[in-house]
Amino acid sequence: MNNRSRAGVRQRLRSLTYLELFNIPLQAALWFGVIGFPVTAANAVGFALFALLLVEGAAYWLAKLRRLEAPGAALPGAGAFAALRVINVPVLAAGVLFTVWAAVDDPGSGSWPGLGFALFAVLEHVNYFHTQLMYDTAEDRRNLRENGLRRAHLARDLDRAKGRGRSRLGAPSL
């Protein structure tokens with residue numbers, strides 16, 4: 001990778017890190033401030049799950065950036081990310097069940113947003129730890145059209161950390 005493309009990758013990783021973190025207060029202000037959804041237990045639990053996954057995503061992009069700056073090094077925090085892949089499942093399940101219960105018990109603005117946030121958190125978990133669901137660049141969308149869904153970057157990095165592998169296309173991922 002030449003210096004120019006390495007600089008572009010660094011900038012992309014920085015942007016992804018900052019955007020994940022910026023989305024937490026932005027979404028809180030939008031949904032609870034501007035739109036005015038009430039801060040109920042269900043809405044707070046759903047939003048907390050959503051925020052948790054965004055923090056995990058930001059931590060991953062930051063770890064990728066650090067790895068890029070130390071070529072050949074292992075992904076910083078790979079063990080923590082492997083643990084989160086497992087720990088997130090019961091945490092997300094409990095949060096989704098709680099918000100579903102709240103939405104059934106008292107449907108409306110006091111529960112539906114929380115359920116939506118919780119479900120979005122589940123999608124973020126899948127997007128980071130299993131299958132890439134976000135295709136936001138032209139290259140990503142082209143790859144999706146040509147090859148279909150692919151393993152998430154973090155999932156591939158965790159596979160590599162275990163010594164198992166490479167991306168589906170046989171090349172190391174970012």
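The values are calculated or read from the model by the stated rules, or taken from the named source; none is laboratory data. These numbers come from a predicted model, not from an experiment. Cβ atoms come from the backbone with ideal geometry, glycine included; neighbour counts cover every protein chain shown. These accessible areas exclude ligands, DNA and RNA; they are computed on the full protein's heavy atoms, side chains included. Shrake-Rupley method; radii C 1.70, N 1.55, O 1.52, S 1.80 Å.
Inspect all residues belonging to the stretch 127-136 and state whether any of them is among the hydrophobic types (A, V, I, L, M, F, W, C) and modelled with pLDDT of 95 or more.
Yes, because at least one residue in the stretch 127-136 is among the hydrophobic types (A, V, I, L, M, F, W, C) and modelled with pLDDT of 95 or more.
Read through the list (1) outside any helix (DSSP H, G or I); (2) within 18 Å of T17 (Cβ to Cβ); (3) open to solvent by 50 Å² or more (accessible area, probe 1.4 Å), then give the number of the only condition that R66 fails.
(1)
Are any of the residues in the stretch 96-103 polar (S, T, N, Q) and modelled with pLDDT of 95 or more?
yes
Of the residues V96, V104, V91, which is in contact with a Ser or Thr (Cβ under 9 Å, 6 or more places away or on another chain) and open to solvent by 20 Å² or more (accessible area, probe 1.4 Å)?
Within the list V96, V104, V91, the selection yields V104.
Can you find even one residue in the stretch 77-88 that is part of a helix (DSSP H, G or I), charged (D, E, K, R) and modelled with pLDDT of 95 or more?
Among the residues of the stretch 77-88, at least one is part of a helix (DSSP H, G or I), charged (D, E, K, R) and modelled with pLDDT of 95 or more, which makes the answer yes.
Do we find a residue being farther than 29 Å from R10 by Cβ, loosely packed, with under 13 Cβ neighbours inside 10 Å and modelled with pLDDT of 95 or more anywhere in the stretch 44-57?
Checked the stretch 44-57: no residue is farther than 29 Å from R10 by Cβ, loosely packed, with under 13 Cβ neighbours inside 10 Å and modelled with pLDDT of 95 or more.
Residues that are in contact with a helix residue (DSSP H, G or I) (Cβ under 9 Å, 6 or more places away or on another chain) and over 25 Å from D157 (Cα atoms): does the stretch 47-55 have at least one?
Yes - at least one qualifying residue is present in the stretch 47-55.
Could you list, in sequence order, the residues of the stretch 119-136 that are open to solvent by less than 40 Å² (accessible area, probe 1.4 Å) and not aromatic (F, W, Y)?
A121, E124, H125, N127, Q132
Taking the conditions exactly as written (out of contact with any Lys or Arg (no Cβ under 9 Å at 6 or more places or on another chain) and not polar (S, T, N, Q)), does A83 satisfy them or not?
yes
Among F98, F32, F22, which is touching a residue at least 40 places away in the same chain (Cβ under 8 Å) and of a type in the set (A, V, I, L, M, F, W, C)?
Only one candidate qualifies: F98.
Do the conditions hold for E69, that is, is it over 19 Å from the mean Cα position of the chain (by Cα), among the acidic types (D, E) and under 18 Å from D157 (Cα atoms)?
yes
Determine which single condition G110 fails, assuming it passes every other condition in (1) at pLDDT 95 or above; (2) outside any helix (DSSP H, G or I); (3) within 21 Å of N23 (Cα to Cα).
Here G110 meets the rest and fails (3).
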